[in-house]
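The values are calculated or read from the model by the stated rules, or taken from the named source; none is laboratory data. Predicted model only: the values in this text are computed from it and were never measured. We place every Cβ from the backbone using ideal geometry, glycine too, and count neighbours over all the protein chains shown.
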């Protein structure tokens with residue numbers, strides 16, 4: 001079965017699992033793929049809305065895996081039962097929404113007897129907030145990937161719960177760098193990230209040039225200081241690819 005580049009990358013990050021739960025399943029393609037192509041034992045397709053679940057149920061039946069994939073109406077992981085899924089996939093949502101889902105499900109995630117081994121998370125927005133928040137919740141990122149699809153950049157990662165919240169100072173330059181761009185993406189010299197950084201560098205230069213030509217004001221100076229901080233992080237990130 002053919003997946004989009006983004007969803008294929010999400011599936012490729014699933015590692016230590018034989019069962020999966022896709023939260024916000026849309027058309028159910030991720031659990032269908034993992035059951036059919038990766039021979040997963042079973043899967044759960046969840047969504048908060050009935051429409052996507054109905055579409056997923058149709059696709060699940062058409063692909064002949066109705067006996068292996070359940071559909072459940074659920075807000076986040078509310079309807080997940082013990083040992084139903086070793087891997088949790090949450091993809092295509094805003095960063096703050098993913099964090100809210102994780103916070104609501106911490107009793108399940110942190111319970112070793114519940115059976116969750118890893119989480120594949122692909123936030124669509126607010127990446128710095130997302131990465132900082134998962135770290136503070138006690139998650140460790142094991143691997144990351146980033147793809148470009150239809151002109152948009154999609155970073156994602158595989159996380160495990162460590163049980164130890166990480167409270168590094170947000171003002172630390174390396175922490176800020178990793179929260180903005182992703183430690184594994186930088187250290188692995190991810191080519192799509194390099195493309196993103198080069199594009200960002202040009203955009204930053206244009207903004208700085210425009211601001212420097214503007215009339216002097218407190219707002220201008222505040223914005224200029226902010227964008228120069230971003231420029232400094234961008235420059236540090238590009239050094240990984242030098």
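Restricting attention to segment 180-189, does a residue exist that is crowded, with 22+ Cβ neighbours inside 10 Å and part of a loop (DSSP other than H, G, I, E, B)?
Yes, segment 180-189 has at least one match.
Based on what the data block shows, is residue 198 more than 19 Å from residue 125 (Cα to Cα), surrounded by 12 or more Cβ atoms within 10 Å (Cβ to Cβ) and touching a residue at least 24 places away in the same chain (Cβ under 8 Å)?
Numbers: more than 19 Å from residue 125 (Cα to Cα): yes; surrounded by 12 or more Cβ atoms within 10 Å (Cβ to Cβ): yes; touching a residue at least 24 places away in the same chain (Cβ under 8 Å): yes.
Here the answer is yes, as residue 198 does meet what is asked.
Going residue by residue through segment 40-61, is there one that turns out to be assigned to a loop (DSSP other than H, G, I, E, B), more than 20 Å from the chain's Cα centre (by Cα), assigned by TED's automatic domain parsing to the domain that holds residue 137 and within 30 Å of residue 128 (Cβ to Cβ)? Steps first, please.
Quick first cut of segment 40-61, residues assigned to a loop (DSSP other than H, G, I, E, B) only: 40-41, 48-49.
After this cut, where a residue has to be more than 20 Å from the chain's Cα centre (by Cα) as well, the list is 40-41, 49.
Right, trim to assigned by TED's automatic domain parsing to the domain that holds residue 137 and you get 40-41, 49.
When the remaining residues are screened for being within 30 Å of residue 128 (Cβ to Cβ), the result is 49.
Taking every residue of segment 40-61 in turn, at least one turns out to be assigned to a loop (DSSP other than H, G, I, E, B), more than 20 Å from the chain's Cα centre (by Cα), assigned by TED's automatic domain parsing to the domain that holds residue 137 and within 30 Å of residue 128 (Cβ to Cβ).
When you look at residue 139, is it assigned by TED's automatic domain parsing to the domain that holds residue 28, in contact with a strand residue (DSSP E or B) (Cβ under 8 Å, 6 or more places away or on another chain) and surrounded by 15 or more Cβ atoms within 10 Å (Cβ to Cβ), yes or no?
Numbers: assigned by TED's automatic domain parsing to the domain that holds residue 28: yes; in contact with a strand residue (DSSP E or B) (Cβ under 8 Å, 6 or more places away or on another chain): yes; surrounded by 15 or more Cβ atoms within 10 Å (Cβ to Cβ): yes.
For residue 139, the condition - assigned by TED's automatic domain parsing to the domain that holds residue 28, in contact with a strand residue (DSSP E or B) (Cβ under 8 Å, 6 or more places away or on another chain) and surrounded by 15 or more Cβ atoms within 10 Å (Cβ to Cβ) - is met.
Criterion first (touching a helix residue (DSSP H, G or I) at 6+ places or on another chain (Cβ under 7 Å), surrounded by 14 or more Cβ atoms within 10 Å (Cβ to Cβ), part of a helix (DSSP H, G or I) and in the same structural domain as residue 24 (by TED's automatic domain parsing)) does residue 130 satisfy it? Break it down into steps so the answer makes sense when it comes.
Working: touching a helix residue (DSSP H, G or I) at 6+ places or on another chain (Cβ under 7 Å): yes; surrounded by 14 or more Cβ atoms within 10 Å (Cβ to Cβ): yes; part of a helix (DSSP H, G or I): yes; in the same structural domain as residue 24 (by TED's automatic domain parsing): yes.
So residue 130 passes the test.
If you scan segment 4-39, which residues turn out to be touching a helix residue (DSSP H, G or I) at 6+ places or on another chain (Cβ under 6 Å), within 17 Å of residue 121 (Cα to Cα) and in a loop (DSSP other than H, G, I, E, B)?
25, 26, 28, listed by residue number.
Collect the residues in segment 62-80 that are closer than 25 Å to residue 109 by Cα and in a loop (DSSP other than H, G, I, E, B), keeping them in residue-number order. Let's see the steps before the verdict.
Within segment 62-80, the first condition is being closer than 25 Å to residue 109 by Cα, and the residues that meet it are 68-80.
Result: 68, 74, 75, 76, 77, 78, 79, 80.
Which residue out of 230, 147 is part of a strand (DSSP E or B) and either within 30 Å of residue 11 (Cα to Cα) or touching a residue at least 12 places away in the same chain (Cβ under 8 Å) (or both)? First the steps, then the outcome.
Numbers: 230 fails: part of a strand (DSSP E or B).
Exactly one residue qualifies, and that residue is 147.
Could you check segment 107-118 and list, in sequence order, the residues that are within 17 Å of the chain's Cα centre (by Cα) and closer than 17 Å to residue 165 by Cβ?
Hit for segment 107-118 is 109, nothing else.
If you check every pair at least six apart or on different chains, which have Cβ atoms under 6 Å apart with a residue in segment 102-118 that is within 17 Å of residue 141 (Cα to Cα) first and a residue that is modelled with pLDDT under 95 second?
Taking only residues 6 or more apart or on different chains, the pairs are 117/16; 117/17; 118/16.
Anything in segment 101-127 that is closer than 21 Å to residue 180 by Cβ and in a helix (DSSP H, G or I)? List them, or say none.
102, 127
Please indicate, with yes or no, whether at least one residue in segment 85-98 is at pLDDT 95 or above, over 17 Å from residue 160 (Cα atoms) and loosely packed, with under 15 Cβ neighbours inside 10 Å.
yes
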